[in-house]
Amino acid sequence: MNNQQKKNRNLILIIFGMSIIPFLFAWYLKEHPNLLKGATNHGELIIPPLLTERPDLIGIDSFSAENIDELKGRWVLINVVPDADCDQTCLDAVYKSKQLLLMMGKELTRIRRTVILLNPDAEQHIKTWWQDDDRLLKIRPSADLLKQMTKLNGTGIANGVLLIMDPLGNIMMRYQPGFNPYDVKSDLRKLLSVSQIG
């Protein structure tokens, strides 16, 4: 076998290897998907998202009722209060969402904050819980949305949960109690940068 034939054979083997190795690599990743770390979000995606309509969100106090339309077309941080009492975890979560909004800088106008009270008995305490938070919208869900939200976790929603609603009214991401506001900020920045709406 002369030198030219050896070069040709080596070239054919290289071309064959270049065409078969990507397929073998793809097959290996298909068989071992845990090796892929594709998700970069810190929150948990809600699949399928909870679809809301404007009448599903009802303002409790006069400020909230007058400004409820500010939720439309904006990203919304939703603190959920499932019980009659907003315990320390719940109060901390509402405070973190307020600080988070301030951390968003120039994107501030694209985001709104709200608290959803799932238990009607909680409504009598809103003035004492959030007396210094004059921009916070306090709302109750419609019966249909309440039913969807209680099914969200299977075991119910814990105090201190934070939800994100997109500008179309889809509740699409959840953060567990004790969430890190910097993680939420990172996710929100990504959402806002790719969003064509809101």
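The values are calculated or read from the model by the stated rules, or taken from the named source; none is laboratory data. Just so you know, these numbers come straight off a predicted model, no measurement behind them. So basically every Cβ, Gly included, is an ideal-geometry build from the backbone, and we count neighbours across all protein chains shown.
Regarding segment 32-42, can at least one residue be identified that is in contact with a strand residue (DSSP E or B) (Cβ under 6 Å, 6 or more places away or on another chain) and modelled with pLDDT of 80 or more?
Step one: filter segment 32-42 for residues in contact with a strand residue (DSSP E or B) (Cβ under 6 Å, 6 or more places away or on another chain), giving none.
Looking through segment 32-42, none of the residues is in contact with a strand residue (DSSP E or B) (Cβ under 6 Å, 6 or more places away or on another chain) and modelled with pLDDT of 80 or more.
In segment 68-100, how many residues are in a helix (DSSP H, G or I), in contact with an Asp or Glu (Cβ under 9 Å, 6 or more places away or on another chain) and surrounded by fewer than 20 Cβ atoms within 10 Å (Cβ to Cβ)? Please lay out each step first, then the result.
Of the residues in segment 68-100, the ones in a helix (DSSP H, G or I) are 68-71, 88-100.
Checking which are in contact with an Asp or Glu (Cβ under 9 Å, 6 or more places away or on another chain) leaves us with 90, 94-95, 98.
Narrowing the set further to residues that are surrounded by fewer than 20 Cβ atoms within 10 Å (Cβ to Cβ) leaves 95, 98.
Going through segment 68-100 one residue at a time, the tally reaches 2.
Can you give me the ranges of the helices (runs of 4 or more DSSP H) entirely in segment 101-198 with at least 2 residues that are more than 24 Å from P55 (Cα to Cα) and either touching a residue at least 24 places away in the same chain (Cβ under 8 Å) or small (G, A, S) (or both)?
181-194
Determine the pairs where a residue that is assigned by TED's automatic domain parsing to the domain that holds L136, located within segment 58-71, has a partner that is in a helix (DSSP H, G or I) with Cβ atoms under 7 Å apart, the partner being 6 or more residues away or on another chain.
These pairs meet every condition: G59/A65; G59/I68; I60/E123; I60/I126; D61/I126.
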